[in-house]
Every structure is written in structure tokens, then in C-alpha cells.
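Shown next, in C-alpha cells, is the structure this report addresses.
The values are calculated or read from the model by the stated rules, or taken from the named source; none is laboratory data. What you see is a predicted model; the values in this text were computed from it and never measured. For neighbour counting, all protein chains shown are included, and Cβ atoms are generated from backbone atoms with ideal geometry for every residue, glycine included. Ligands, DNA and RNA are stripped out before the accessible areas are found, and what is left, the full protein with its side chains, is counted by its heavy atoms. Shrake-Rupley method; radii C 1.70, N 1.55, O 1.52, S 1.80 Å.
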Amino acid sequence: MSATAGQGGSGAGAAAGAHRGMSEHGSAHGGKGTETAPYERVFKGERLARLEWLFTKYPTKQACLLPALWLVQEARGWISEPAIGEVAEVLDLTPAYVKGVVTFYTMYHTHPVGRHFIQVCTTSPCNICGAEDVMKALLRETGCGDLGATSPDGRFTVIEVECLGACGFATPILVDDDFIEGVTPEKVSGILQRYQ
Amino acid sequence: MTEELVTVTIDGLQVSVPKGTTIIEAAKQAGILVPHYCYHPSLPSPAVCRMCLVEVEKAPKLMPACVTAVAEGQVVRVDSEKAKKAREGVLELLLINHPLDCPICDQAGECELQDYVFQEGRAGTRYSEYAKRFSPVEDFGPDVLYVPNRCILCTRCVRFMEDVAEDPVLNVSDRGDRAYIGISSEQLLDHPWAGNVVDLCPVGSLISKDFLHKARAWDLDKTASVCPGCTQGCNITIDTRDDIVVRLRPRPNLEVNRHFMCDYGRMNYRWLNRGDRIEAPLVRDGGHHVATDWDTALDRLGQLIRGTSGSAVILATGRASTESLGLVRRMLDRISVTAVVQVPSGEEAPLAAVPNLALRAERTPNVTGAELVGYGSDWTAGLLELASAGLVIVLDAELSQSDLDFIAQSPASVVLLGTIFPEELRNADLVLPITTMAEENGSYVNRDRRIQRYNQAKSQPGMARPAWWVAGEAIAGPGPSASAPATAAEAFELLGERWPVFAATSYDDMGFTGRVLMEPAIASGGSKSARVGTL
Amino acid sequence: MGYPHPSHPKENPVLSKHFGDPEARTYDGWVKRGGYEGLKKILRLTPEAVIEEIKTSGLRGRGGAGFPTGLKWSLMPKADGRPHYLVCNADESEPGTFKDREIMRWTPHGLLEGCAIAAYAIGAERCYIYIRGEFTDPYKIMDQAVEEATARGALGDNAFGSGKRIEVILHRGAGAYICGEETAMLNSIEGKRGNPRIKPPYPAQAGLFGMPTTINNVETLAVVPHVVMRGGEWYKGLSLSNPKSTGTKLISVCGHIQRPGNYEVTMGTPMKELIYDMCGGMRPGRTLKAVIPGGSSVPIMSAAEAEDCLLDYEGVVAKGSMLGSAGMIVMDDTTDMVYQIWRLARFYAHESCAQCTQCREGTAWTTRILERILAGKGKQEHFQLLLDLSDNMTGKTICVLSDSCAAPIVSGIQKFRHEFEAYIQGAREPALAAV
């Protein structure tokens, strides 16, 4: 099964439970942060200005949720529980609401990932063109081993992704924001060298 | 304004309903229940369970009855082969990951999944080759557990919190068959009305900790009643098992509480199960009380009333029925009386999206009823009267130490009509065992002057009788009397004689959703402005 | 020009004329190629006249459903003081389809011009372009184009001095196929889970933020300036077969084909010509086995059906499938059909929004059955079960995602049953570990 699918299923409830325990410490709003560093707000300075600009582009604050989450992920690499709390606060929503939305969209990371996040398309059109071999090469060469796992050096996380919409350029991969077309197992190591 | 009516045929039955009515509600009018899960009349309809798909003539596809409005001349089939097959299909899919742990599930016996599967589901599963989805039980809040394995993702709970309570602490998390009902790690399901999600859940996925493994649904006796928790007067059902109240649940009344009740009311039932009850009339004989029969006790009560010189004071609980309050008041009609009712208070907690529905600050059900029969709510004023009173009647009021001190210092004879005999009332001249609201029939008048009946849900302990019966007998006097009320309905009729506001209605009239009492209000029953009902 | 291959003589490049030409991406480059003349022209016309022109052209929605565009625009209420919205669907996620990506990558101003014209026609001052999150490059290019077009006065508070306000806002998706469904897209823009909505109400009555809204696909809107400039009659004349299928169509071709890519053909072009002439045919020594002609959500065609099919809305329906988004997945004789059908089912199971029971549970169950068959644990009963589930997943839900999962399963069993049998009877080595 794909890594994205694997995040749910039997683990879903357990994961949610674990999060609840975690939030006892380092909460978003003035938590004492004795065990973890105090939460640093994402929306200040330039990002706050960016958010305020977004407010002028939509008739509701709620509509700024997806863009706001992108800003969080851009700043932090993933979307933590305290960050969800902050987003909820700046948009007048509840954390539960925001979390329901975050978990709907597979591009938002609810866990930390490697420095470089690699998404490889293995949906049918690419699949018949050898995408699974590309995926295996990526797992091998990055040292990630498994889909969704982060390499021991913290450099990479590789996941399978459903259709990147570049089926004529099989196999496409997305490394962070770089869209790379026509990847073959042979090209993998050369590509990875560009990402330290 | 006259509503435009639309006539439709559902499973061969014609029914006329207002334009805009959904097929599912029109079918109800025709006496046909369209099976459904996500639909609920007090929630917005997302049409996601797809259980209520029905065949509509000329429509190319089956239509969701919960969101499809009726149209003139429409022919709907709920029982067609196509519709049944679609329902069977939904049920099969809902069951593939359902644990079928009915033997240990609190919902069994009142489970809509169980019911519909029994009615029209497949006999066996075709999913036997796979392990079922498993997720551990989650603690959502003070009284609610989430059992994800049983969840059918109907989202009623999410919509209740989001659209009715307007406190969205629940969500649908993830996608596809990995989806589950999620909660924020920073919040709990502890809204004052949160318990409703347990009732709304059509399966055993959201369950009450308080009711956990307490009783099987089919062993419960259910009695229509009214919540004694506050002046809102939410309609409820009292569920008993072997004469013990095990839970209270809301009973629909669109005018009062729609389909809901608050957690305060829901949890406020243990006092109905107290074991330390007064079970026989007690008369004081020197330093101690002696149990006696009702004839003796009623004679003694008559003597005390007739022998009273000066005024009398009634200290009553706001949980007493209108009949009890009224007849106890009438019992003393020849004496100058100060009658007060006890009104505990708490914080008001509204249910955001339902107009005029809240847990009220006045935490007792019958403040308005008491007012209508001449009771004031200035408790202290009642206590101050004690100094010069000749008789005090305690009608099941919960007495504080200071209340007891006032009574101890009073020259008045003390009569307790009570459920519990407080140690400190050892000087009571007469103790008469009465029933709680769960053990009698009676009525309450809510804050909007709606008078609502409640029914006896469990048997009374020993010789306890409704207070209205005791007062009725006292009014009628000794010996067999046709004028003493034998039922609450008759007691209610006696109120009408004295307070015209009640004269226009009757128990039959009130039915089980109540009736608003119309002006002229308390014209001859007492002065509206008087907070203390001294007459 | 064409990209990644030069245009083939049998193509009819209207939209794709400047694919591969980086200069066409800039405002000046686009104007040099005749860009924004259409917008200037229509700003002097009434919105009704614009809609009439589009109606005349016979243009139908290029996103998949093929609804007549002019008619869609005319369903918008007349100006009533409420905001109207245009939403451009750039959430291209249908496996096999990659045409909108190329339009945005090479001719961003063509799309913006189309958006502006449509916005004017439907009385909208705001257009949201919903670009799928994975399209990082198209997003950057579009973002730059919006900035340029606004700076140059083509868009903004006073488009070309007309006094009309036309604002374009890019909205980035975040990984959800279902947001390509128009009402799910509206929810997503509103900051919600991308759950499709029940219709009615239709978006033209109550769409984005409850306001009248028109949603059009990228390709549809990109065509609009050409129709406006050259006339509806001209566009209508571009049709080789059925008069209800007019204009040119970008066909994305991928899979086992010599030259995969986007090909712009006149409606009614034979599929055979596209596969064997324009795309260069199969790989050496290989033969055609199957084609999924309209993105993964449509029934699979056998080689015989494909080779006898005309590429327009009616032509593909006549062969038992649908033109859909015109993403053609070409499969040769090396393809394991069972494996690919499983892979598609898994895609839908992953993308189901979880609302409707049949979709949420049905897509996952069918995936598991196919997995079992591939693992050599298949049984004869699985055929009936798959067909029963597919029936249960068709025509019963809010949107058509579960129908889309069922389509390749049903057509796969019909046309390639022997491949399933091979796994079930043990004639073929298991392709997956047991589940």
C-alpha cells in the first residue's frame, strides 16, 4: 500500500491519542515549554503581512485556511499541533476544525519529514512505464528503505503519490518544489546529488 | 398565511404535505419510515450515508429522500426492488468493518444498524477474507467514549457540535476508509450539551461512560417525563431497569427542546434512586416518631391544620408538581399563608443554534407552576415569617442548617411532606412520606408557561404517596370521600377550580408535549407582582 | 511549435501553437502573438453578446463532462448586486491527463485572457484559479503572469480602461484528486475539506461563498479568446464528424507509445491516426492491447474498439467509453491488465473523500479483492462480487468518484476476463504478496 494510505487505517486512532498526550507540553498559547522549546509563532513579521494580504483576497477568513497552512509548512517544514492551534486562532476557527482539513489534504505533513521530500508518481500511466522501479531506486539510493520513512541522515523522505499530472513525461517526481520529469532508475543517483 | 400543499404517492399511499417538504418527512406523514443514518430532523442533511435512496418515478437514478423535496404528483417507491437492493448494498458495506460486538455493545437493542440489517440486510458477509479495521477506543470527554470500530461515519456528532452547539471540537479526519471522527488535542468534548452526540449516534460508536455496560436496552422500561433539572422543561424519557433509574434521555418536542437535553439534566437522576427514603407516615410521640397508617396520619394532619392559630408557612421544593403545590396551598386556604418555593441557581448554558433552548439559571422545574398557585420565590421572606407562624409545612425542600435553625426557633408546629427525613427535623410533629417525580404522575409549568405532564416511571417506596394525594385527602376530610382526587388528572381539575388559568385545559388536552397556559393568568389565584405569595 | 514534439501535420494547433516557446509566456511575447485582443474586443460588447458567440461556437466543457459552455454561462443570474464568481479548474489530477499543465506552462496569458473574458460575460469581478498543489512550476508561471497582466492593466480595477474590475487570484490545492470535482473545489477554496456538495443547489444558484458561480476547466477558458477573435462560426466549423463536437481538442497521450505528449486535433479525428501516425505507434515489436481514452475514470477500450474510434464526445461513447478529459492511456501487449486495474482502484480508494458509504468502503474493498486475485488467492466468486460492488458503486453517490472506480473494473472484467482467470487458476505467477 502507499505510504499516504498507510498513515490512516489501524494507526489513526492511536496516532490521535498520542498527539493528545504530547500537547500537554509546549502548547501553542503561552505554554510553559519546560520540556520542549516554547512555540514560536509563524504569523509574525513578513508572514503575518502575507496573511493579512490574503485576507483581502477572500470574503472570509476561513477561506485563507489552505494558503495559511502552506505558509506554516513553508516556515516549519510540517504542521504541528501547536501550529494548528495558531492557524485556528488567527482564522477564528477551532483546532479540531483545522485538523480535519489538514488531514484531508495529503500534501500537508502532520509529522516532521526529511530535509528533502520526494514524491514519486506510481499511478497507472506511470506504473506501466516503470514507475515502481524508479520508486525502488529512490528508496534504495536515499537509504529510506520504506515509503514514508526518513533516511537515517535526515536528508530524505520518499512517498508514493497518486498521479502528478505529467503522465506523458513518465516518471515524474517532485523533490520539494522541483518537478522533475522523465526519471528513470538510472537517473536517480544523479538527481539526488543535487539535494544535500 | 396558508401553506401550499403538494400531493405525492409514496408506496401507494397518497399524502399531502407543505411544498418544500423532503421525501423522508413526507413518508413519515404517510407512516413510512425510510431507513437512514446521516439524516436527523434537527441537523443539516449532508446526504452521505446513501441509505435513504428511493425510487422516484421518471428520475434516472435513485434519489436521496433526505434532501429531495417532494413535487406535485410525484410517485415514490421506498419498497421497490431497486431501492431495497441499494439499501442492502449500503448495509453490506457498513458491516464489512463493523465489529459485530453487539453482545458487549450498549447500543444493541436500540441500534439502527442492527435494526436495518435485521430488516433487510444480507444473511452473511462476503468480507470474510480480510481482517476488520481496528482502532482503539478514545476518550472524548467527561462522559463520552468513541469506539471507532463501530463508527459508520454518518457525521451526526460532527454536525451537532459544529452546527447546533457551534463549538466544533469534533471533525472527520483523514480520507477514504481510513477516515475517523477526530478531536483536537487541545480540546475536549465537554460542552454542556455534548452528551447529545451519544443519543444522535445511530450505532454504538459514541457511548456514555455513565451508562457503560449498565443495562441492556431491551431490559429497560421507558417512561415519558419532563426533566426536573431547570425551568426549560425539556421533554425526557426516564429509562429504568428493575425499578432503578439508569439514564435520562431527551424526548422530542420541537417547541421546547427539539431532540436535545443538556448534560446537567441528563446526569441529574441519582437522587431518584436513593434508598434512605421515608416509607411510612410518622407521628411524634414524645421524643421519638412512631410509624402509623395513613388514616391516623391524615387525622393528625387535619387536627394540626384546624388547630393552627395565626399564620402558616409552606417551604416547598421547586421539583414538586403543580398539583402538589396547588393542593398543599389549598389545604391551608382558611389560614393566612406565606408560601415559598426553593430555587437553586447555576450558570445559564444555551444551545447556540436552537432559539430559546438553554440550561436555565433556575435549576428546578416548576418555578412558574409554583408562582401560578401562589408561591413566591423569595426563600428568606418565607423563613422570616416562621417567627410568628403557627404551622410550617415543609414540602420536600432541601433544608440548609440556617433553614433548620429558623424552623427550630419557630413556635410553629412542623409537618414534613418529604422523601427524606433529615436528622435535624426530629422535632417534626408529623412526617408524611411522599413520592418523587419519578414515582408519580404530575405536571410542571416551564418558564414559557407550557404545562407538561410527566408519568410515573418507578414504584413508590412503602406507603409513600404523591403530595397532591395527601393534600387532596386532607382537603376532603376524614372518611371515604368522592371529592378526594384519585389521580393526578383529577388533582389537576381541582387546581382549575381555584386558579382559573388552569381551568381551560386538562390532562388529555396537554397530551405528551404540553400546552401553553393562556392569559388571564393568575387573576384570582394571586397577585402577579407579589414575589411572596402571601394571600 | 508543440511540446515536447513539434506539431504533427495532422494536428490542428490552436491552443498548442506556442507550446515550447518560452517567449510566449511573457506579457509582451503574448501580445506580439495577438494576445489580449480578444479581451479588448469583448470589453466593448455586452456580456450577452459574448455568451451568444460562445453558444454559436458549440464549445463544450473540456474538463470531462462536456457541458455546453455558452449555456453554462447563460445560467448565471443577471446582475443582482451580489458578487458573482468565476472559478477556473486547474486541479488537473485525472490519471492520464496533463493538458492543462501545458497550457499553464506555455500560454499563461492565454488562460488569463480567457478567464477575464468569461468573468466579464458572467458578471464576475473575481476569478479564482484553483491549481493543484503538485503543479509547482505552472503555479509560479501563472503567478508571474497574473502579476504582469495586472501591472500592465489587462487585469485589475480597470481592465484596459474599460472601468471593469477583473481580479484573478491563484488558489493552491494541497493534494486531493477530488477537488477537481467542481463543488469539492468550491469547498476547498472556502477552507473546508474537499467534499463534493449535494446538487441542487447548482453553483450558478449558490456556489462559492453561496454566490452565483461558474466553474470552467483551463482548456475551456483558454479556447475562449480564440473563439472571440475568430468567431463562433469558425470554431463550429472545426468538426470532422458530429456537429455537437466542435473545435479542436488537446489529447494527452501517455503509456506504451513512441511519442507521448499532447496532441491537438480537430474533433472527429480517428484515434487510429493519433496513435499510429501522430504518436508514432507502439514500441517496436509491440501491439496495442487497450486504451483508456478519457482519463482513468472511463471504461477501458479494447484495441479493436480503439482503432475504430473517432475522437469526439459521441465517437467515444459509440465505442462504449467516454471522451472525459481526453487523457489517453495506451497499453500494449506487455500490460498486466489486472495489475493496472488494481492500481487504478487503489488510486480511487486513496482519493475517496469518505462521505458516501458506497465510495468510502466500496473503493477500498474492491482494491482488496483485486489485491487478493493478484496474490493468487482469487476465486471464481470474486467476479460476481466485483460486479455486484461495482453496481452498488455506480449512480448512488454524491459525485462520480466511485463510479469512476467501478468503470475500469467492469470493463476490465468484460474485456480481459482471461487475465483474471489466469491469476485465479494459478496459470500466472502471483504479482503481489498475499494479503
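Below are the figures for this structure:
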{"item": "Accessible surface ranking that places the most exposed of B:Lys458, C:Lys41, C:Lys99 first, with a 1.4 angstrom probe", "result": "C:Lys41, B:Lys458, C:Lys99"}
{"item": "List of region A:152-196 residues, accessible area with partners at least 40 Å² below that of the chain alone (1.4 Å probe)", "result": "A:Glu162, A:Cys163, A:Gly165, A:Cys167, A:Gly168, A:Phe169, A:Asp177, A:Phe179, A:Glu181"}
{"item": "Euclidean distance of C-alpha centroids, region B:320-343 and region B:237-299, integer Å", "result": "20 Å"}
{"item": "For the pair A and C, total buried accessible area rounded to nearest 100 Å², probe 1.4 Å", "result": "4200 Å²"}
{"item": "Where region B:1-71 is the region considered: accessible area per residue in Å², 1.4 Å probe", "result": "45 Å²"}
{"item": "Rounded to whole Å, sorted largest first: equivalent-ellipsoid semi-axes of chain C, Cα gyration tensor", "result": "38, 25, 18"}
{"item": "Over region A:116-192, relative contact order from alpha-carbon pairs under 8 Å, at least 6 apart, %", "result": "39 percent"}
{"item": "Calculated on alpha-carbon atoms, Rg and Dmax of the protein assembly as shown in Å", "result": "36.4, 121"}
{"item": "Under 29 Å from C:Lys377, Cα to Cα: lysines that are on another chain or at least 8 residues apart", "result": "A:Lys136, B:Lys85, B:Lys132, C:Lys289, C:Lys415"}
{"item": "Two-site FRET efficiency, B:Asp79 against B:Glu255, from Cβ-Cβ distance with R₀ of 25 Å, rounded to 0.05", "result": "0.15"}
{"item": "Partner chain coverage, peptide C:387-395 - average Cβ within 10 angstrom", "result": "3"}
{"item": "Relative contact order %, chain C, counting alpha carbon pairs below 8 Å whose residues are six or more apart", "result": "16 percent"}
{"item": "For peptides B:508-517, B:297-306, C:393-402, B:408-417, sequence by mean Cβ density within 10 Å, most packed first", "result": "C:393-402, B:408-417, B:297-306, B:508-517"}
{"item": "Other protein chain Cβ atoms within 10 Å, averaged over every residue that makes up C:260-269", "result": "1"}
{"item": "Per-residue mean of C-beta atoms belonging to partner chains within 10 Å, peptide A:53-61", "result": "3"}
{"item": "Unit Cα scatterers, Debye sum, region B:131-273: log10 I(q)/I(0) for q = 0.09, 0.11, 0.13 Å⁻¹", "result": "-0.29, -0.43, -0.59"}
{"item": "At least 24 Å along the helix axis (C-alpha) and Kyte average at least 1.0, DSSP helices within chain B", "result": "none"}
{"item": "Gap separating the Cα centres of region B:1-80 and region B:352-430, nearest whole Å", "result": "52 Å"}
{"item": "C:Glu273-B:Ser400 pseudo-label distance in nm [points 7 Å out on the Cα-to-Cβ vector]", "result": "9.6 nm"}
{"item": "Choice from C:Glu23, C:Glu314, C:Glu11 showing the highest fluctuation, given a GNM over chain C with Cα pairs closer than 10 Å", "result": "C:Glu23"}
{"item": "Estimated FRET transfer efficiency (C:Asp391, C:Glu125; beta-carbon r; R0 60 Å; 0.05)", "result": "0.85"}
{"item": "Mean Cβ neighbour count within 10 Å, used as a protection proxy, ranking C:106-117, A:37-48 highest first", "result": "C:106-117, A:37-48"}
{"item": "Computed lengthening from B:Asp221 to B:Arg447, 0.36 nm per intervening residue step minus Cα-Cα distance", "result": "78.5 nm"}
{"item": "A versus B: buried accessible surface, summed, Å² (probe 1.4 Å, to nearest 100)", "result": "2000 Å²"}
{"item": "Heavy atoms of B:Lys28 accessible to a 1.4 Å probe, total area in Å² rounded to 10", "result": "80 Å²"}
{"item": "C:Arg126, A:Arg115, C:Arg286, ranked by accessible area, largest first (probe 1.4 Å)", "result": "A:Arg115, C:Arg286, C:Arg126"}
{"item": "Cysteines in chain B lacking a second Cys C-beta under 4.7 Å", "result": "B:Cys52, B:Cys66, B:Cys102, B:Cys105, B:Cys111, B:Cys151, B:Cys157, B:Cys201, B:Cys230, B:Cys262"}
{"item": "Residue order for B:His36, C:His171 - accessible surface, 1.4 angstrom probe, largest first", "result": "B:His36, C:His171"}
{"item": "Shielded by partner chains, region A:111-139 residues - at least 20 Å² of accessible area, 1.4 Å probe, vs chain alone", "result": "A:Thr123, A:Ser124, A:Pro125, A:Asn127, A:Ile128, A:Cys129, A:Glu132"}
{"item": "Pairs from A:Lys99/C:Lys140; B:Lys84/C:Lys199; B:Lys19/C:Lys72; A:Lys57/C:Lys72; C:Lys72/C:Lys244 whose Cα-Cα separation, in the structure shown, is over 21 Å", "result": "A:Lys99/C:Lys140; B:Lys84/C:Lys199; B:Lys19/C:Lys72; A:Lys57/C:Lys72"}
{"item": "Of all accessible heavy-atom area on the protein assembly as shown, the percent that carbon and sulfur account for (1.4 Å)", "result": "52 percent"}
{"item": "Per residue, in Å², the accessible surface of region C:158-252 once ligands and nucleic acids are set aside, probe 1.4 Å", "result": "31 Å²"}
{"item": "Accessible area buried, both sides summed, chains B and C with 1.4 Å probe, Å²", "result": "2800 Å²"}
{"item": "Normalised alpha carbon radius of gyration of region C:39-173 [divisor 2.2 N^0.38 Å]", "result": "1.03"}
{"item": "Prolate/oblate/rounded call for region C:1-48, Cα gyration tensor, a/c under 1.5 rounded", "result": "oblate"}
{"item": "Euclidean distance between Cα centres, region B:111-149 to region C:309-388, Å", "result": "28 Å"}
{"item": "Rounded FRET efficiency, nearest 0.05, which uses the C-beta distance separating A:Arg140 from C:Gln425 and R0 of 41 Å", "result": "0.75"}
{"item": "Per DSSP, loop trypsin sites (Lys or Arg not before Pro) in region A:148-196 with at most 15 further Cβ within 10 Å", "result": "A:Arg194"}
{"item": "Rounded to 5, the percent of DSSP beta bridges in the protein assembly as shown classed as antiparallel", "result": "60 percent"}
{"item": "Average accessible area per residue (Å²) across region B:387-437 - probe 1.4 Å, nucleic acids and ligands excluded", "result": "34 Å²"}
